[in-house]
1. Test of understanding: ordering TYR172, TYR64 by Cβ neighbours within 10 Å, fewest first, what list do you get?
2. Count the net charge of all other residues whose Cβ sits under 15 Å from the Cβ of PRO168, scoring Lys and Arg as +1 and Asp and Glu as -1.
3. Just rank VAL83, VAL149, VAL54, fewest to most, by other beta-carbon atoms within 10 angstrom.
4. If you take the Cα atoms of the range 1-131, find Rg, then find the Kirkwood Rh from the mean of 1/r over all pairs, what is Rg/Rh?
5. Where does each of VAL82, VAL53 land when they are ranked from fewest to most other beta-carbon atoms within 10 angstrom?
6. How long is the gain from LEU94 to SER224 if the chain were fully straight, where each residue apart is worth 0.36 nm and the alpha carbon distance is subtracted?
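Since every read-out is calculated from the coordinates, none of them should be taken as a lab result. All values reported here derive from a predicted model rather than from experimental measurement. Note that we place each Cβ from the backbone using ideal geometry, even for glycine, and neighbour counts take in every protein chain shown.
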Amino acid sequence: MDSRSFFASFRPHPLPTSFAEKLRSALAGGSAILLLTLALQHLPQNLLPMLIVVSMAASATLLYATPHSPLSQPWNLVGGHVVSAIAGLLCSALIPEPTIAAGAAVGLAILAMQLLSCLHPPSAATALMMVLGSSQFHVMQWQWALAIVAINAGISLLLALTINNLLPGRRYPMPALPAQTPPKPAPFIELEESDLTRALEQMDSAIDVSEEDLAQIYKLALQSAQKRIEAAMPS
């Protein structure tokens, strides 16, 4: 990449959506966080308060700005936050140094989400929160901390299912696409000497090679390509 292309890559990449769609996404995301906060306030508080998990704001960006993205789907949302919370709690309990625990929690969360096919980028912040807020969550015990994350994610999912399907042009959740079979290869076209002759005539220039030699070169090139492809194919 030359320097001109390098610096050009820093330019904004505008989203190909209308202003109305952008406005709908903003209103939907803001409304969802408002409703999530209200729902948590009205749930039974028992001995410990129901907290809003701040990474749900980042999830709202995905859920309402890119609802059709694979990263925004229900399993990614709920599974991602719960798995990341477990990663954060484990690292917080096993690693006494907070800075090391923070990095390990985020790394473990990313790995676990990929292995479980529930990659949801905002969830890495949930893992980090479990480390940075470890003193608060340790008072709650890990079961309660995990329950808070699961309740936040569950309510967020219910809101996404409702709000997105009320908005025009949206469909949530999106079904997983089946594995696609590779397209059939195009039929092989074998050249004949007459084709080479016509090609030479169309070039209208003197080329120091005969049609017979071109045909032989083409044949040998095909044989070489065939051997290369067969050698690369698994046995």
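1. Working: TYR172 19, TYR64 26.
The order, fewest Cβ neighbours first, is TYR172, TYR64.
2. +3
3. Listing VAL83, VAL149, VAL54 from fewest to most nearby Cβ atoms yields VAL54, VAL83, VAL149.
4. Reported Rg/Rh, Kirkwood definition of Rh: 1.07.
5. Values: VAL82 19, VAL53 25.
Listing VAL82, VAL53 from fewest to most nearby Cβ atoms yields VAL82, VAL53.
6. Net length gain for the segment: 41.0 nm.
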